[in-house]
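First up is the structure itself, then whatever we jot down about it.
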Amino acid sequence: MGRLFGTDGVRGVANADLTAELALGLSVAAAHVLAEAGTFEGHRPTAVVGRDPRASGEFLEAAVVAGLASAGVDVRRVGVLPTPAVAYLTGALGADLGVMLSASHNAMPDNGVKFFARGGQKLADDLEHRIEAVYEQHRTGEPWARPTGAGVGRVTDYDEGFDQYIAHLIGVLPNRLDGIKVVLDEAHGAASRVSPEAFARAGAEIVTIGADPDGLNINDGCGSTHLEMLQAAVVEHGADLGIAHDGDADRCLAVDAEGREVDGDQILAVLALAMREAGQLRKNTVVGTVMSNLGFKLAMEREGIELVQTAVGDRYVLESMKAEGYALGGEQSGHVIVLDHATTGDGTLTGLMLAARVAATGRTLADLAGVMSRLPQILVNVPDVDKSRVTTSAELAAAVADAERELGTTGRVLLRSSGTEPLVRVMVEAADIEQAKAVAGRLADVVKSALG
């Protein structure tokens, strides 16, 4: 059996790769791994289960609930809520595990199963390995103790989760949003009810688009992967800013009053300054990834804020934050983690905090985001090469060194191997976009020659 878990749970085309049988089996295995401590001393283990609005989420939710209940886990079904809401409720309700059914920003035919441990924490690699191992044992016929009678899990709907999560969001805001007009693009996804309600309760005047999920239209030409509708709506309605989420609302990208994109790096820069001002930026440090724009790094240096960079992926950002006690981290893609208030990226919370900064300062989002200048970032994929030699090729190392000398202190080169495909990604940043394109093109040719 190949590895099931990717960088963010188990994903695939629903009913092809991700079947009801797989979802049920994984849930049984997860119950045995994540809830086994709760089965001692007569404790009834519990789980929180939520999903995004994809049509396939309906049958996958049924499979997950069946698997958990058959393993003796009581299930609280919270319905359609964002991923960070499921993580929050898992912790707030003292559940042994949480399950979110979503494929995030992926197209509608995909879906995924993401597990949370106690406290709403993402799973460490060893827990994922243990779940896979138990799943494989069961799949190949090893018997497991099935509870009967009163030992089977009970299933209830927990409708209070909606208001409980919104109350949490409002409760952590530093100030209200009165006087701010915001356009919200919900990607026809999991935040279609939550985000408008939260912004309205916080005092903002809201205009909502992409908030009519029908099970088939999630991420379809809208949301954080398609900002065009939001950009047009912000300008049309004369809004102060726009907020875009992805399908499960763990991301947030923004648009200023002129319709210009404000990406995850810029949002991090704005929040880093706000949190430092409030005395909340622990160790005067923000965590990004190696893909964070060089302009972000230069801005943090200028402002006297330390930047720690991790491998690409919000799980690595989170691991660094938890290990060192940092309060703020995230990715250019819009995963922003405010660790005092969330255990994972929370797009609604991020949008609320960004709008709160606009309201508190009276400054425009463009002005606030101007703390950093994004350098042009050119990315070229070089396919069909031996990616295992990307760090050992002397020819490639010499070419990279030459390129970095040419770019100087206001440019950089990053080579990354794909985790799943035989390709190398060449990323070049420079103040001059034409120079960045030229350097990226030359390096791509060297990668092909040296590793092809």
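The values are calculated or read from the model by the stated rules, or taken from the named source; none is laboratory data. Everything numeric here is computed off the predicted structure, so don't read it as measured data. Note: ideal-geometry Cβ built from the backbone for every residue, glycine included; neighbour counts use all protein chains shown. We work out accessible area using only protein heavy atoms, side chains counted, and drop any ligands, DNA or RNA first. Shrake-Rupley method; radii C 1.70, N 1.55, O 1.52, S 1.80 Å.
Here is how the numbers come out for the structure above:
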{"item": "Every pair of residues 6+ apart whose Cβ atoms lie under 6 Å, when the first sits in the range 304-322 and is closer than 21 Å to Leu414 by Cα while the second is surrounded by fewer than 16 Cβ atoms within 10 Å (Cβ to Cβ)", "result": "Glu306/Asn284; Gln309/Val290; Gly313/Thr7"}
{"item": "Strands (runs of 3 or more DSSP E) lying entirely in the range 361-445 (those with 2 or more residues that are in contact with a Pro (Cβ under 7 Å, 6 or more places away or on another chain))", "result": "423-430"}
{"item": "Subset of the range 80-99 [closer than 21 Å to Arg154 by Cβ and surrounded by 22 or more Cβ atoms within 10 Å (Cβ to Cβ)]", "result": "Leu81, Val86, Leu89, Thr90, Ala95, Asp96, Leu97, Gly98, Val99"}
{"item": "The range 319-333, residues that are open to solvent by 10 Å² or more (accessible area, probe 1.4 Å) and either on the phi < 0 side of the Ramachandran plot or part of a helix (DSSP H, G or I) (or both)", "result": "Glu319, Ser320, Lys322, Ala323, Glu324, Tyr326, Glu331, Gln332, Ser333"}
{"item": "Verdict on Ala35 being crowded, with 18+ Cβ neighbours inside 10 Å, in contact with a Ser or Thr (Cβ under 9 Å, 6 or more places away or on another chain) and at pLDDT below 95", "result": "yes"}
{"item": "Residue within the range 295-316 that is over 24 Å from Ser373 (Cβ atoms) and acidic (Asp, Glu) present", "result": "yes"}
{"item": "In the range 183-206, the residues that are more than 16 Å from Gly247 (Cβ to Cβ), buried (at least 18 other Cβ atoms within 10 Å of the Cβ) and hydrophobic (A, V, I, L, M, F, W, C)", "result": "Val183, Ala198, Phe199, Ala202, Ala204, Ile206"}
{"item": "Every residue from the range 344-403 that is polar (S, T, N, Q), out of contact with any strand residue (DSSP E or B) (no Cβ under 8 Å at 6 or more places or on another chain) and crowded, with 21+ Cβ neighbours inside 10 Å", "result": "Thr348"}
{"item": "Matching residues in the range 290-309 - criterion: being modelled with pLDDT of 95 or more and open to solvent by less than 20 Å² (accessible area, probe 1.4 Å)", "result": "Phe296, Ala299, Met300, Ile305"}
{"item": "Helices (runs of 4 or more DSSP H) enclosed by the range 76-195 - at least 1 residues per element that are among the aromatic types (Phe, Trp, Tyr) and out of contact with any Phe, Trp or Tyr (no Cβ under 9 Å at 6 or more places or on another chain)", "result": "125-139, 161-172"}
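Listed here are the residues, each with its yes/no results for (1) under 23 Å from Glu136 (Cα atoms); (2) of a type in the set (Lys, Arg); (3) open to solvent by 40 Å² or more (accessible area, probe 1.4 Å); (4) outside any helix (DSSP H, G or I).
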| residue | (1), (2), (3), (4) |
| --- | --- |
| Arg11 | yes, yes, yes, yes |
| Leu22 | yes, no, no, no |
| Gly50 | no, no, no, yes |
| Glu58 | no, no, yes, no |
| Glu61 | yes, no, no, no |
